[in-house]
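The values are calculated or read from the model by the stated rules, or taken from the named source; none is laboratory data. If you're wondering where the values come from, they're calculated on a predicted model, not measured in any experiment. Positions of Cβ are backbone-derived with ideal geometry, glycine not excepted, and every protein chain shown enters the neighbour counts. Surface accessibility is based on the protein's heavy atoms, side chains included, excluding ligands, DNA and RNA. Shrake-Rupley method; radii C 1.70, N 1.55, O 1.52, S 1.80 Å.
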Amino acid sequence: MNFDKEVFLNNLAQTTQQPYLISIERAQGIYLFAPDGKRYMDLISGIAVSNVGHRHPKVVQAIKDQLDKHLHIMVFGEYIQSVSNELALKLTSLLPASLNCCYFVNSGTEANEGALKLAKRYTGRTEIVSCKKSYHGSTHGSLSVSGNEVKKNAFRPLLPDVRFIEFNNPDDLQAITDRTACVIMETIQGDAGVRIPSNDYLLAVRKRCDETGALLILDEIQCGMGRTGTLFAFEQFGIVPDILTIAKAFGGGLPIGAFIADKQIMESLTHNPALGHITTFGGNPVCCASALATLQVIEEEQLLAKVESKGKLFEDLLKHPHIREIRRIGLMFAIDFDSAERVNRIVQVAKEKGVICYWFLSHPYSFRIAPPLTITEEQIREACDLILQSIEEAD
Ligand code: PMP
């Protein structure tokens with residue numbers, strides 16, 4: 001085994017100046033285990049991925065079963081593979097009727113890239129409207145529609161014809177016009193520090209898109225898959241997007257994403273040009289098996305039913321004078337403090353105590369909590385106890 005820190009720092013590309021730097025040998029449920037046996041509670045699910053816990057036995061079994069059948073056999077969209085058929089059927093059965101056609105990809109950013117291209121191709125328009133402070137991914141297209149200007153400047157020129165509006169501000173919606181191909185929006189802004197829009201706002205966005213013929217892309221890559229208490233967050237707002245993007249928790253720990261739309265919209269990728277969007281590994285059968293089992297686990301174990309009460313328990317237990325604000329929907333939290341330095345210290349002390357909380361990309365005054373939905377009440381009590389101790393000790 002090789003947990004050499006120098007190899008990690010020198011032979012693996014680094015993108016942060018302060019990597020979290022714990023060594024992990026194995027993971028199970030809500031726990032990560034270091035080689036020396038130290039146990040960490042993973043309160044962030046590997047950034048909203050392990051919603052059914054790490055290595056859920058049914059997910060692992062489905063992966064093993066698929067390994068015995070076949071791995072990659074052909075690029076997306078050419079051969080008929082049972083497991084991708086089954087996944088598409090299952091996923092669309094859980095979605096509104098107009099979201100009936102799935103394009104499987106490998107990651108969140110790719111799902112958004114595909115969705116943006118689809119909207120441009122279908123509408124014949126070029127303008128994209130996105131939100132300030134949003135995060136949609138790190139490849140050129142997704143970066144272009146992400147709202148963090150500091151993260152973009154070194155990589156310009158990016159996509160032209162992108163307009164930014166303020167999230168949750170209905171006054172900005174007039175920027176959506178009949179020039180707009182699509183509006184891309186996180187239903188709940190994640191890396192901006194869990195920003196929850198009003199119901200009226202999302203209804204107004206939907207209405208404005210309908211008036212202008214712009215397609216509405218909802219990015220549920222972070223807030224989807226049960227995180228907010230419904231399988232998809234948009235269900236709580238009474239709207240349906242034209243294109244939905246998902247990834248992260250969708251694969252139950254393996255890399256798979258999807259953009260999903262009505263067949264009539266999706267069909268525009270088949271002509272002018274043919275092969276309008278292609279991917280070699282998208283819909284990899286092992287990842288599809290894992291995703292299918294993950295959806296089944298969420299359903300069979302009725303995980304959604306308890307998300308709200310578990311979230312509320314966290315919120316009730318996390319009372320401390322240093323906590324400025326808690327923003328929460330389901331089991332997706334931002335815990336606000338007075339400074340980024342304090343947040344840093346708390347996250348470090350919590351790490352020593354075996355609890356993983358973590359930063360947000362674009363909101364340094366908060367740390368995040370997004371535990372596996374399988375977390376028990378007892379584990380929540382223990383976690384909150386350790387977090388409160390960390391807040392005290394980080395003073
Ligand atoms: N959209 C949202 C809302 C995200 O939170 C993320 C990842 N943090 C992405 C897109 C990009 O996903 P990926 O890292 O899989 O490319």
Selection count where residues are within 11 Å of the ligand (Cβ to nearest atom) and out of contact with any Phe, Trp or Tyr (no Cβ under 7 Å at 6 or more places or on another chain), scope region 218-232:
5
Do you know which of the residues in region 185-217 that are crowded, with 22+ Cβ neighbours inside 10 Å and assigned to a helix (DSSP H, G or I) is farthest from the ligand (Cβ to nearest atom)?
209
Determine which single condition residue 269 fails, assuming it passes every other condition in (1) more than 18 Å from the chain's Cα centre (by Cα); (2) within 16 Å of the ligand (Cβ to nearest atom).
(2)
Just to be sure before I move on: is residue 51 touching a Lys or Arg at 6+ places or on another chain (Cβ under 8 Å) and outside the structural domain of residue 288 (by TED's automatic domain parsing) in the structure I sent?
yes
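Is region 305-322 home to any residue that is within 22 Å of residue 78 (Cβ to Cβ) and of a type in the set (Gly, Ala, Ser)? Give the steps one after another, and end with the answer.
Initially, region 305-322 is screened for residues within 22 Å of residue 78 (Cβ to Cβ), giving none.
Scanning region 305-322, I find no residue that is within 22 Å of residue 78 (Cβ to Cβ) and of a type in the set (Gly, Ala, Ser), so the answer is no.
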Checked pairs for region 37-48, first polar (S, T, N, Q), second part of a helix (DSSP H, G or I), C-beta under 9 Å and 6 or more apart or across chains, list as 45/248; 45/249
Hey, which of the helices (runs of 4 or more DSSP H) in region 256-323, taking only ones fully inside, have at least 1 residues that are buried (at least 17 other Cβ atoms within 10 Å of the Cβ), touching a Lys or Arg at 6+ places or on another chain (Cβ under 6 Å) and in the same structural domain as residue 118 (by TED's automatic domain parsing)?
285-300
Name the pairs whose Cβ atoms lie under 8 Å apart, with the first residue in region 253-282 and at negative phi, the second more than 16 Å from the ligand (Cβ to nearest atom) and acidic (Asp, Glu), and 6 or more positions between them or separate chains?
261/242; 262/242; 265/242
Residues of region 116-174 satisfying the condition of being free of Cβ contacts under 8 Å to residues at least 40 places away in the same chain, of a type in the set (A, V, I, L, M, F, W, C) and assigned to a helix (DSSP H, G or I):
143, 150, 154, 155, 173
Condition test on residue 229, is it out of contact with any Asp or Glu (no Cβ under 9 Å at 6 or more places or on another chain) and in the same structural domain as residue 76 (by TED's automatic domain parsing)?
no
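Have a look at 349, 355 and point out the one that is surrounded by 21 or more Cβ atoms within 10 Å (Cβ to Cβ) and in contact (Cβ under 8 Å) with a residue 40 or more places away in the chain.
Details: 349 fails: surrounded by 21 or more Cβ atoms within 10 Å (Cβ to Cβ).
Sole residue among the options that is surrounded by 21 or more Cβ atoms within 10 Å (Cβ to Cβ) and in contact (Cβ under 8 Å) with a residue 40 or more places away in the chain: 355.
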Can you confirm whether residue 326 is outside any loop (DSSP other than H, G, I, E, B), outside the structural domain of residue 72 (by TED's automatic domain parsing) and open to solvent by 10 Å² or more (accessible area, probe 1.4 Å)?
yes
Find all pairs meeting these conditions: Cβ atoms under 6 angstrom apart; at least six residues apart or on different chains; first residue within region 297-318 and within 19 Å of residue 225 (Cβ to Cβ); second residue open to solvent by 70 Å² or more (accessible area, probe 1.4 Å) and in a helix (DSSP H, G or I).
297/58
Count, please, the residues in region 140-177 that happen to be surrounded by fewer than 18 Cβ atoms within 10 Å (Cβ to Cβ), among the small types (Gly, Ala, Ser) and closer than 23 Å to residue 212 by Cβ.
1
Quick one: would you say residue 32 is within 27 Å of residue 315 (Cα to Cα), modelled with pLDDT of 95 or more and open to solvent by less than 70 Å² (accessible area, probe 1.4 Å)?
yes
Does region 233-255 hold any residues that are open to solvent by 10 Å² or more (accessible area, probe 1.4 Å), hydrophobic (A, V, I, L, M, F, W, C) and within 13 Å of the ligand (Cβ to nearest atom), and which are they?
254
When region 74-89 is checked residue by residue, the ones that are open to solvent by 70 Å² or more (accessible area, probe 1.4 Å) and outside any loop (DSSP other than H, G, I, E, B) are 82, 85, 86, 89
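Rundown of residues vs (1) within 27 Å of residue 351 (Cα to Cα); (2) assigned to a loop (DSSP other than H, G, I, E, B); (3) open to solvent by 40 Å² or more (accessible area, probe 1.4 Å); (4) of a type outside the set (Phe, Trp, Tyr), yes/no style:
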{"site": "8", "(1), (2), (3), (4)": "yes, no, yes, no"}
{"site": "19", "(1), (2), (3), (4)": "yes, yes, no, yes"}
{"site": "28", "(1), (2), (3), (4)": "yes, no, yes, yes"}
{"site": "72", "(1), (2), (3), (4)": "no, yes, yes, yes"}
{"site": "91", "(1), (2), (3), (4)": "no, no, no, yes"}
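Which one of these is polar (S, T, N, Q) and farther than 19 Å from residue 287 by Cα: 85, 100, 112? Step through it out loud before you land on a result.
On the way: 85 fails: farther than 19 Å from residue 287 by Cα; 112 fails: farther than 19 Å from residue 287 by Cα.
Exactly one residue qualifies, and that residue is 100.
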Would it be correct to say that residue 44 is hydrophobic (A, V, I, L, M, F, W, C), open to solvent by 40 Å² or more (accessible area, probe 1.4 Å) and not assigned by TED's automatic domain parsing to the domain that holds residue 235?
no
